[in-house]
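Readers should treat all values here as calculations from the given coordinates under stated rules, not as data from a laboratory. Not measured: the values here are computed from a predicted model. Reconstructed Cβ throughout: ideal geometry from the backbone, glycine too, with neighbour counts over all protein chains shown.
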Amino acid sequence: MSQQQTRSRAPGRWGRFGGRYTAEALWEPLEEIARYFDEAIADESFVAHFHRLLDRRVGRPTPLSQMVRLGEQLGGANLWLKREDLCQGGSFCANLAIFHALLAARMDRTRLVGETSSGDFGVALGSAGASLGLEVHIFMSREDIQNEPSRVAQMRHLGVVLHAVDANARGRRLSGAEAMRFWIADLRHNHYATSMLTRPDPYPRMIGHVLDLIGAELRVQLRRLEILPDYIIAPVGTGGFAAGLFDAFVEDEHTQLVGVQAGGEPQAGRHAASLLSGGVGVFQGTFSNVLQDANGQLLKPYSIAGGLCSAGVGPQHAWWATQGRVIYTTINDREAIEAAREIARTEGLTISLESAHALSYALKLMPKLRPEQHILVGISGEGSRDLDRILPDAEERRS
Amino acid sequence: MTERMLKRIARARSASAPLLTCGVVAGDPYLEILPELLEALVEGGADVVEIINPTSDAAYHGTVIQRSCHRALREPFALHELLGEVSRWRAEDEETPLLLSSYYNQLLAPGLERSCAAMADAGVDAVSIVDLPWREASRARTHLQDAGMVPMPALAPTTPDDRAEEIMLASQEAGVVWAGHVGGEVNDRAQALERLIEQCALVPSTPVLASLHVSTPAEARAVAMACHGVLVTSSIVWLVEGKGADLEQRLTSFVEGLREALDA
């Protein structure tokens, strides 16, 4: 649908962005996955099975919740949340993980191989894999393992084989590379299941296609309420969740789409704002925006939210940014923490710090809008794993 | 194809001797030593020398090259600084063909056309772009050929025959093909060698260099016998890693061992 209209030329390309920039050795395995993906989504029984699992296992449709007290407090517009935190496992990743598991089973693979930073996707893949009898291998940087003890415990509980990757930073850059190497070592049994849009074709279009269901479902919910949103705001790490939310609204002139990247620690110059401060280049198999120096070497991204800690962003976002269809902005660590605390105090919700980046931007916007206007924020996941970073005495306890 | 590369391949063929290509990572242990390291490789008997342009994200190399890139980038440098050292070496050695391996982003950052022209000016003869598979490479191939260099495409054990044939046919007049292993490590050397022999038979006139994680002279010989030559880098880079002084001598004697095995 709209994605087809905004994507140009070859599959896996959005304008000049996207592509499949990998070692020759990976071309054919990726081609095979692309073939299986195209066949699967054209197969009615596969799609019906997927939707059945979304309905009965993941918990779709997820609610659209109005934040009445926050609205009254800040004045101005109405605030709505699309609640992917209520998916089974606590994040939008459950939708994608189920799809990967079904695709792996269709390909007669017995192992799912992926990477995680916040732990959300690791938990989702562990859960989906267990439900279909697949072995799950997750690669995670030591820094991420140290920062996400509750998600690591959940993964172990689900029987995930966790591989620690030596890296002196958060994020999936090195763990993703190791996951791909593990995948390619046994193609007969392994299926590479990633949530990263910064991957060679077919992954950006596959992830976009699967997560489009969030935006499509939201569209129906809004129509029933007779609401035309003025703003749709989502956090952007590599951008899978935001792409899923935005794609169904790209053609709507009325709705301004806003992607929020991690502003990190502005005083220290540490951030993950690849669309605002990066340049175009090839990173991890795709041509897109990336944080890099003048010599084309990658710069280390930073964010307090592990899921936003990415040096690169998916090609569809680079394309939307070039077209001006989506506005990209940043929210820093401090502002995100404040937003997470505010919604807990006022509405009793515990949201992830990734989602709090998008919420923070909405809270800034609300007083400036009129009472008949509507802001919609995508909540990508719940935030119990972030409490050690959100609670007021968190810094004290960490030191 | 550059005259240097053409002559060297012809010479190896007429002598029925496999081509020995040996490489190092630029900047490891420091950039200014590069000409001396290349000279050491040539002295040991390398027919072609390779320089790896280090990257912060060497996803498709093994751990030895990854660590080497990390060491090299402790003092970051630009492509033109690397090429400055190449020019210094080329002023002393006009005969030995030079292959430069890079990830694509390091060539895109200064501008692809500009990078290609600068590499050719410095005396680079062939270029291998690690993360640029054949189907994505037409633009880069054009720029490299326009600048008078040889694009060196890759074959992998996973490359199906129809594409392998396409790549080799396109490279038989103006190129050399590199048959590499998968994602940095070799999983099954015997299987990879078997596949290599099958692929070489598709277009026998195309020169194929292979690198299947060779670490001994006997392994170098086994690989070279399956194609037209062997490319040895990580075992040489391993000799650079924390092994102290007399680096050049160590490289020369290791390459001499490879040469002897190939000529035996």
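Some notes on this structure:
- For the stretch B:156-264, the Cα gyration tensor yields ellipsoid semi-axes of 28, 14, 13 Å (square root of five times each eigenvalue, largest first, whole Å).
- Exposed loop positions in chain B were taken to be GluC sites (Glu not before Pro) whose DSSP state is not H, G, I, E or B and which have at most 14 other beta-carbon atoms within 10 angstrom. Between these positions, the longest stretch is B:1-93.
- Rounded to 5, the percent of DSSP beta bridges in the stretch B:3-263 classed as antiparallel: 5
- The stretch B:3-263: C-alpha gyration tensor shape, a/c 1.5 cut-off, then a/b vs b/c: rounded
- Largest first, the extents of the alpha carbon coordinates of the stretch A:23-121 on the three principal axes equal 56, 33, 21 Å.
- Percentage of interatomic Cα-Cα distances in the protein assembly as shown larger than 36 Å: 41
- Listed by chain and number, the lysines whose C-alpha is less than 28 Å from the C-alpha of A:LYS82, apart from same-chain residues fewer than 8 away, are A:LYS364, A:LYS368.
- Partner aspartates and glutamates whose Cα lies under 17 Å from the Cα of B:LYS243, excluding those fewer than 8 positions away in the same chain, are identified as B:ASP28, B:GLU36.
- Anchor B:LYS7: aspartates and glutamates whose Cα lies under 18 Å away (excluding residues fewer than 8 positions away in-chain): B:ASP47, B:GLU50, B:ASP93, B:GLU94, B:GLU95, B:ASP125, B:GLU173
- DSSP-defined beta bridges in chain A - what % are antiparallel, rounded to 5: 30
- Residue-averaged 222 nm ellipticity for chain A, from DSSP H runs of 4+ at -39500 (n - 2.57), nearest 500: -13000 deg cm²/dmol
- Chain B: most fluctuating residue of B:ALA126, B:ALA156, B:ALA201 per GNM, C-alpha cutoff 10 Å: B:ALA201
- Between the exposed loop cleavage positions of chain B, defined as trypsin sites (Lys or Arg not before Pro) in a non-H, G, I, E, B DSSP state with at most 11 neighbouring beta-carbon atoms within 10 angstrom, the longest gap is B:75-242.
- GNM top mover of A:ALA193, A:ALA268, A:ALA164 - chain A, alpha-carbon springs below 10 Å: A:ALA268
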